[in-house]
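Structure first, commentary second.
The values are calculated or read from the model by the stated rules, or taken from the named source; none is laboratory data. Note that the structure is a prediction, hence the values are computed from the model and not measured. We place every Cβ from the backbone using ideal geometry, glycine too, and count neighbours over all the protein chains shown. For accessibility, only protein heavy atoms count, side chains too; no ligands or nucleic acids. Shrake-Rupley method; radii C 1.70, N 1.55, O 1.52, S 1.80 Å.
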Amino acid sequence: MNKHFKSLEFDKILELLSKECTFPDAREQAMNIKPVFSKEEAQALMKETDDAYCLIGKFGTPSFGSLKDTSSSLKRAQAGAGLSPLELLRIGEVLRVIRSLKQWRNASDDRQSTLDKYFNRLMPNKFLEDKISDAIIAEDEISDKASPTLSDIRRKIRTASSKAREVLDKIVHGSSYSKYLQDKVITQRDGRFVVPVKAECRGNIPGLVHDTSGSGQTVFIEPMGVVQANNDIRMLRNKEQEEIERILLELSGMAGDCADSIIGSYQNLIDLNIIFAKGNLAYKMKATTPIINDEGYINLKKARHPLIDRDKVVPVDITLGREYTTLVITGPNTGGKTVSLKTTGLLTLMAMSGIMLPCGDESEISVFKKILVDIGDEQSIEQSLSTFSAHMTNIIGIIDQASRYSLVLIDELGAGTDPVEGAALAVAILQKLKAKGAKIQCTTHYAELKEFAITTEGVENGCCEFDVKTLRPTYKLLIGVPGKSNAFAISKRLGLSEEIIDNAKQLVSSESRRFEDTIQQLEERRQVLERRLKEANDTKAYAGRQREKANSIIEKAKKEAEKEIEKAREEAERISRKTKAQAQSILDRLENMEKQQRMDAEKKAKLRKSIQKMETLADPITKKKAEKYTPPRPFKVGDSVLIYDIDKNAEILSIDEREQTAILQAGIIKTKVKLSNLRLNKEKPKTTVQSSRRSVPSKMDMKPATEVDVRGQTAMDAIMEVDSAIDQAVLMNMGQLTIIHGKGTGVLRTEIQKFLRTHKNIKSFRLGTYGEGDAGVTICEIK
């Protein structure tokens, strides 16, 4: 591996990735991943990982099993060689995984994915897969179902073995020979059935001796009665082995015919396994997909070093390549400078390898042609190089290779030699690298480099924060702030005497003291501003939560108000229906009294007053506000108009042009209304009583209907119309109602009569007689 990549511990990232792979070849290939150096390639790799990440989130990781490389076996089969049962089983397992992955993709998502090119190149072969699984049970066992011939041979072997056992059972359990046996068992030697006989009695059982026990006290004899059976079994065993070899050769030939497609599919399995391993690693790292550019711009938000425990690592924000191309980081030892340096380089390598980054959303990273690193102790005894010499040798190589497409990361630039000369060298090296256009991030302890960053355009200071009170670094990276030397403060808190510290301060040059004091003031101001910013953010967040709470209360109040309004409207409708029914009842009584000529003028006036009162109660909805209206023509007697404010239809009886009023007939009521409150109807007014919310049929203008015709309607529609007619008949005090349903199939008549039997207002009903409509009508008697 490239030594610069190794310095950034990229090999450890690949090791983490390989652990997410499920079979050896994928793990080996994952360990050999190399970054790509073009934006398009990096974006394509990252898109594949992102698609795998999404599929894992929706459907889980597909199963790849623990596959073995079958390429060499397949090539031998392609050349005509026979394969062993174990090799064929491994080929069958590869075919099973190919098929299951193809099915997983088809069932997982209909949307297109960049991974489809890999899935589409998978070539399942269910026929060969089934052939292998049906024929081979284990690496040392072939199934009877492998071929009819093999099944027949094994059946004959079982028959011959059964015959031999019968003969031997008689010898073992018979009284004639059992006394000569060492044990009453049947065993085998060289594939032939034998019995264990005492050595001194071997002449008492005629047969062939095949073996002797280690002690010499037992001989294994094949009785003459089973010799022929054993011979048959031996011949059948030979035939069985020949058939097995034929079956394996046949399966090997079939595998050889498909060798190229299986090998190609296996390589796609490796690629897919690595891509899904990247997706699983992203879930473990809580990683995101960065924006990738090739302009040398890096903007990492809340970036975490992937090799540090997620619960312990401190996220850092790192920016480089736009406002400034060189970042000089200062701070105490073990304060996080080197970790920040490695985080930048390692996350860049990960992005160039298609591995998602452990950082915040909308982070941006660049692709570089070269990543040049000088980190760690490069001392070499063999080459007679000191630490400084080793670093300088490395930096010389970096300067030679650097260009505007390079990312240069240098730890402790200029360290290991005289501070004055080291600082001067460090400034000169940075100037040279900057002139070449490289993007540079380095760490140092030299104050001269802090001044260089302040006074040079395109160079920025950064520091790793240190808490003097606790004597511990916070590991936060602060960009734009030079690091302050904390040697005096740390020494004082550790117990070094004031006298020594004061003497040391006097030895420091006045320029250095002023510079350190300036840094101290800047740091104190930064901390104050940071606290204020945090307070402002907390206040803003609290205000946001309070606003959401207030909006929630307002929304809840609106919903409750709407419910109350709806409840009031329903109550108004109920009152309207009740009072209108009462008004209709009074009208019916009025008509009856007129017919009987027993109503005098005083009673009529009283009843009309009662009706008007009920009409008022029947319309509790707020009147409409007047709107400017110009009739299309002047009103005239007989016009059908709408009384706008109460939403009622009426007819003009007379018009008073001087007072701009009209006498109207609205139902049975006569009233005087201003012409400005009238709206001319285009059609003759329908017999309805209008409310401001909806129309309700007016029973005041309806004439009693003694029959209802429901022919041609469905049963449900007919029953609803009959029910309405019965209600109207009850209100009109009618004694009888005729329902015309027709004869037809009789279904409509049956459903209507079934309904009438349960209706509370029906006293009785019957079919019509001759002249009334016969079976085509039903005549109801109303209670």
message: Could you work out what % of the accessible surface of the range 1-149 is carbon and sulfur, using a 1.4 angstrom probe and leaving DNA, RNA and ligands out of the count?
response: 50
statement: Using alpha-carbon positions, the gyration tensor of the range 273-353 gives root eigenvalues a ≥ b ≥ c; with a/c under 1.5 called rounded, otherwise prolate if a/b exceeds b/c, else oblate, the class is oblate
Average projected area [Cα convex hull, the range 49-106], square nanometres: 5.0
field: For peptides 775-781, 321-327, sequence by mean Cβ density within 10 Å, most packed first
entry: 321-327, 775-781
task: Report the Stokes-Einstein translational diffusion coefficient (µm² s⁻¹, integer) for the range 189-325, Rh taken as the Kirkwood radius over Cα pairs, at 37 °C with viscosity 0.692 mPa s.
output: 139
Inter-label distance, nm, simple model (7 Å from Cα along the C-beta direction), ASP271/LYS102: 1.7
message: Calculate log10 I(q)/I(0) of the range 257-401 for q = 0.14, 0.17, 0.18, 0.22 Å⁻¹, where I(q) comes from the Debye formula with a single equal point scatterer on each Cα and nothing for solvent.
response: -0.82, -1.04, -1.11, -1.37
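How big, on average over all directions, is the shadow cast by the Cα convex hull of the range 1-158, in nm²?
Orientation-averaged projected area of the Cα hull: 13.5 nm².
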field: Packing-based order for 90-100, 670-680, using average beta carbon neighbours within 10 Å, highest first
entry: 90-100, 670-680
- prompt: What's the extension gain from LYS75 to ASP294 if we count 0.36 nm per residue and subtract their Cα-Cα distance?
  reply: 74.5 nm
- request: Assuming R0 = 30 Å, can you tell me the calculated FRET efficiency for the pair ASN761 and LYS578, based on Cβ-Cβ distance, to the nearest 0.05?
  value: 0.95
query: Among 550-556, 427-433, 438-444, what's the highest-first ranking by average C-beta atoms within 10 angstrom per residue?
result: 438-444, 427-433, 550-556
task: Give the accessible surface of the range 313-466 per residue, rounded to a whole number of Å², with probe radius 1.4 Å and ligands, DNA and RNA excluded.
output: 38
field: Extent along principal axes [Cα atoms of the range 129-198; Å; largest to smallest]
entry: 55, 21, 16
task: Past 25 Å, Cα to Cα, is the threshold; run LYS58/LYS284; LYS439/LYS534; LYS3/LYS278; LYS34/LYS476; LYS6/LYS337; LYS370/LYS476 against it and keep the listed order.
output: LYS439/LYS534; LYS34/LYS476; LYS370/LYS476
task: Can you work out the accessible area per residue across the range 70-193, with the rest of the protein chains kept in place, probe 1.4 Å, in square angstrom?
output: 57
field: Equivalent ellipsoid, the range 710-776 (semi-axes from 5 times Cα gyration tensor eigenvalues, Å)
entry: 19, 15, 11
- request: Would you list the P(r) distribution for the range 102-230, with all Cα-Cα distances sorted into 5 Å bins from 0 and each bin expressed as a whole %?
  value: 2, 9, 14, 13, 9, 7, 7, 7, 6, 4, 4, 4, 5, 4, 3, 1, 1
